[in-house]
């Protein structure tokens, strides 16, 4: 029986990828002792070592949070407790496959792959964002399939929740938000906005990130009159208010390798806020959602298909409401922090 754990991470503990797990464990009656290493310096590692040695007799396991493979490696040399790694995805995939920060055959790519490889072999259990991601880990890092399993990400329930009292915008409004990466497909949203310029539909892009300048170039090329690009940073409460006022949230739209494995945060957030979600029909997101039941899908990398589905959503409010309701009920039954953490605990218990 897991009664008490240490949860530590080099990413912020309040970041949803960590916060959902911590909250869910507590809701299942597990005592969680938190220790953040967000500064990431060598001194922090040794502070954690002292902290661990002082608390080791009272804990049953250590969970290492998102984006912390070096911490897993460091911990393994002195920790005799079970080490569970909340990897979500690999650093190699995030920085090399997704962002393309270096060639896949470069020394930098090999370094990130090796960091992930050692970390997943040192951990006793790894949980990732999808079944496809688990299969990817087994293949690329050559690990036993029993060691890695899928755990849905969920949302920070204190920040993202449904409020039926908030009125919608008077004009049907489509929201496209998040960091612009190669898999995002912002160009298809911009093209779809142009195609729907005369349909009384408003588009809001609340975006930043790696490809923001490229998005600006595409907007300048097509000049859609119904699109509002916003690049200012907004707090989570402002984002929630904006989401609740919109009629439709747009997911990832491209046809990219990573979309066969990943499920974006904004999908979970849309479900939690009962906001209909339209996404390209990539296999990663379809592990979580079902087309026409809990989401709407269009063809990947196809602006015309996207435009047609947006127009359908506007013209079929009852069907749109049915899909939003189904998605919200699925969130309540399967994606709350308590439910996610219960399945995680079951997998940890199986190690003993």
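The values are calculated or read from the model by the stated rules, or taken from the named source; none is laboratory data. Only a predicted model underlies this, so the values are computations on that prediction, with no experimental measurement involved. We place every Cβ from the backbone using ideal geometry, glycine too, and count neighbours over all the protein chains shown.
Mind checking whether some residue in region 34-57 is in a strand (DSSP E or B), in contact (Cβ under 8 Å) with a residue 40 or more places away in the chain, touching a helix residue (DSSP H, G or I) at 6+ places or on another chain (Cβ under 8 Å) and surrounded by 18 or more Cβ atoms within 10 Å (Cβ to Cβ)? Checking region 34-57: not a single residue is in a strand (DSSP E or B), in contact (Cβ under 8 Å) with a residue 40 or more places away in the chain, touching a helix residue (DSSP H, G or I) at 6+ places or on another chain (Cβ under 8 Å) and surrounded by 18 or more Cβ atoms within 10 Å (Cβ to Cβ).
Take residue 286 and decide whether it is in a helix (DSSP H, G or I), without any contact (Cβ under 8 Å) to a residue 24 or more places away in the chain and assigned by TED's automatic domain parsing to the domain that holds residue 188.
Values: in a helix (DSSP H, G or I): yes; without any contact (Cβ under 8 Å) to a residue 24 or more places away in the chain: yes; assigned by TED's automatic domain parsing to the domain that holds residue 188: yes.
The answer is yes for residue 286.
Candidates in region 13-33 are the residues that are crowded, with 16+ Cβ neighbours inside 10 Å and free of Cβ contacts under 8 Å to residues at least 40 places away in the same chain; of these, the one that is farthest from residue 60 (Cα to Cα) is 22. Among the residues that make up region 197-211, is at least one of them in contact with a strand residue (DSSP E or B) (Cβ under 9 Å, 6 or more places away or on another chain), more than 18 Å from residue 247 (Cα to Cα) and without any contact (Cβ under 8 Å) to a residue 24 or more places away in the chain? Taking every residue of region 197-211 in turn, none turns out to be in contact with a strand residue (DSSP E or B) (Cβ under 9 Å, 6 or more places away or on another chain), more than 18 Å from residue 247 (Cα to Cα) and without any contact (Cβ under 8 Å) to a residue 24 or more places away in the chain. Residues that are farther than 25 Å from residue 264 by Cβ, in contact with a helix residue (DSSP H, G or I) (Cβ under 6 Å, 6 or more places away or on another chain), in a helix (DSSP H, G or I) and at pLDDT below 95 are absent from region 90-104 altogether.
Scoring residue 87 on the criteria (1) touching a strand residue (DSSP E or B) at 6+ places or on another chain (Cβ under 6 Å); (2) at pLDDT below 95 leaves a single failure, condition (2).
For region 167-190, does any single residue satisfy the condition of being in contact with a helix residue (DSSP H, G or I) (Cβ under 8 Å, 6 or more places away or on another chain) and more than 20 Å from residue 278 (Cα to Cα)? Yes, there is a match, as at least one residue in region 167-190 is in contact with a helix residue (DSSP H, G or I) (Cβ under 8 Å, 6 or more places away or on another chain) and more than 20 Å from residue 278 (Cα to Cα). No other residue among 322, 304, 258 is within 15 Å of the chain's Cα centre (by Cα), over 20 Å from residue 156 (Cα atoms) and surrounded by fewer than 23 Cβ atoms within 10 Å (Cβ to Cβ) apart from 258.
Every residue, every condition in (1) without any contact (Cβ under 8 Å) to a residue 40 or more places away in the chain; (2) more than 17 Å from residue 23 (Cβ to Cβ); (3) not in a helix (DSSP H, G or I), yes or no:
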position	(1), (2), (3)
301	no, yes, yes
306	no, yes, no
312	yes, yes, no
318	yes, yes, no
330	no, yes, no
346	yes, yes, no
351	no, yes, yes
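Mind listing just one residue for me: the one in region 132-152 that is more than 19 Å from residue 83 (Cα to Cα) and within 14 Å of the chain's Cα centre (by Cα) and, of those, surrounded by the most Cβ atoms within 10 Å (Cβ to Cβ)? Give the derivation first.
Here is the first cut: in region 132-152, the residues more than 19 Å from residue 83 (Cα to Cα) are 132-133, 135-136, 139-140, 152.
If we keep only those that are within 14 Å of the chain's Cα centre (by Cα) too, we end up with 133, 152.
On the way: 133: 25, 152: 21.
Checked region 132-152; the qualifying residue surrounded by the most Cβ atoms within 10 Å (Cβ to Cβ) is 133.
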